Amino acid sequence: MDYLRQVGALVWKDLVVELRTRERVAAMGAFTVLVGILFSFAIDPSVVQPQDIASGLIWMTVIFGGMLGLGRTFHLEEDDGAFQCVLLSPIPRDALFLGKVIANFILLTVVTALVFVVFALFFDLGFGDHPLALAAVVLLGVLGFVAVGTLFSAMSARTTMGETLLPILVFPLLIPVVIYGATATSSLLQGLPVSEVDGNIRMLAAFALVALASGAGLFRFVVEE
Amino acid sequence: MSNRLRSLGVVLGFLGVLLVLVLHWQVFYWVATERSMGVVQRIFYIHVPAAWVAFMAFGIVALCGAGYLWLKDDRLDQAALSAAEGGMLFTTIVLLTGPLWGKVAWGVWWEWELRLTLTLLLWFIYLGYFLVRKSTENPQKGKRFAAVLGIVGALDIPLIHISVKWFRSLHPEPVVMNPDGPTAPPDMLITLFTGVAAFTCLFFCFFLLRYGLERMRHALVLREAGRPGGPVANGVAS
Amino acid sequence: MKKLFLSIVVVTLFVALLPEGVMAQEGLPDPAAIAGQNLRGHTHMFIAYFIAWLLILGWAVSIARRLGKVERALGD
């Protein structure tokens, strides 16, 4: 019970900080809308219909936009040494990791919802017949992405290369999320039955679980001084 | 470095060179030519062993990394670094020889073939491994970061493997030949095994010598740190 | 008459041009053609072996040089 309260307090702290600065959500939101605009001009509609490749575009937008926010997960605290104080508190390191992941997950869910709205507006996209299954695919994919991204964001924030290092570390590991997430989204947007994406949802859940477990176990080696 | 390790490395090196000579005799004079692909199929006798060594090296990187995080013994980190350097070399060989074969067999330089794709991603994970090590001010931190990356990579590679395989089964390619199908005749298998043995010996020879190099550097840093008025080694106490 | 002449020319040309393919199918396959087929891409093979051994040799040399340097530094 204590553990959950600690995680909750950390999540609350991060969300309050985000609500007050609105730094990351604003950056990610603006980024995704602008990417939507760029995509609509980059695709030649006489060659390929944007609707046909929408699922891939949506996932790329979420991942690129997400990297923008995830890269700055520890920035604010790192700048004035506040993270040292968090580390000094008697909170287990895995609770710290889970708190950061949940806070990032909430932020990225908001951004992902915005991405879907933007693409629905710009590309006249429906959400298919199974919005619940679509939500499960997207949320599990984002959870796995956030878990990997938060661990390596803590790492890259402590290197001299900083955020430029983050995509190099994270992108090769994200292949399962991209493959299962994009194909399942594509099937659901085409209106295929949920049974088609059953396996995808399971694999996305497995990826999220592995990412969360390894992150929670290894986070203390990353933040250790 | 301990002389025993070095002499073991040298012995493995001689064995490796011997096996390489045998391999070349087998590849260029002895083994039968594959019927549909012709001589270009012989790239396989270095391509497959290099891939085997590349993935084995990553296993060593991940295991030594986990051991390092657990025991905080610098020797384990030095072993992981040595294995990573060898792994990156052999991954590069796989990635350069694969397209050379693919251009003739498939007609294109690059095909999103399962194992080739996996090797490409492995190359990037290795790249991240070295970048993380190089870009920290405190070397201890870089060692821990690299170990974490090695472990997460090793956990993720099976998932990448499954997902790429599944993705390819979704979009079947018309001209994918099964390079080492179950029907390979015995002389080809023998040649392949010679290649695997040769590359494994060479890898461990280099691995041991590289490890010895890292040990000697470590000793040098410690000595410089102990010298009065010398530069203070930055957190390299073991 | 003209038609007959034309057809003879066509048939002669046909027989003159075709036999290689036909005869190759009748008898044993032409060894030269098989060799050409088998040697397809042999430059690729040699380049692959060259690259592989060049990289391995390069790494061996680099380790040897680094070892020598550290040994000299340890010596003095």
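Tabulated values for the structure
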quantity: Residue pairs meeting the criteria (Cβ under 6 Å; at least 6 apart or on separate chains; first at the interface with another protein chain (Cβ under 8 Å from one of its Cβ atoms) and under 17 Å from A:Ser153 (Cβ atoms), in region B:133-147; second in a helix (DSSP H, G or I) and of a type in the set (A, V, I, L, M)); calculated: B:Phe145/A:Met155; B:Phe145/B:Val132
quantity: Cβ pairs under 7 Å, 6+ apart, first in region B:71-84 and over 18 Å from B:Tyr126 (Cβ atoms), second of a type outside the set (Asp, Glu) and not in a helix (DSSP H, G or I); calculated: B:Asp74/B:Ser238
quantity: Region A:39-79 - residue that is outside any helix (DSSP H, G or I) and hydroxyl-bearing (Ser, Thr, Tyr) and, of those, nearest to A:Phe105 (Cα to Cα); calculated: A:Thr73
quantity: Test for A:Val178: is it more than 10 Å from every other protein chain (Cβ to nearest Cβ), within 14 Å of the chain's Cα centre (by Cα) and in contact (Cβ under 8 Å) with a residue 60 or more places away in the chain; calculated: no
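Each reported figure results from applying straightforward, stated rules to the coordinates on display, with no laboratory input. In this text the structure is predicted, and so the values were computed from the model without any measurement. Glycine gets a Cβ as well: all are built from the backbone with ideal geometry, and neighbour counts include every protein chain shown.
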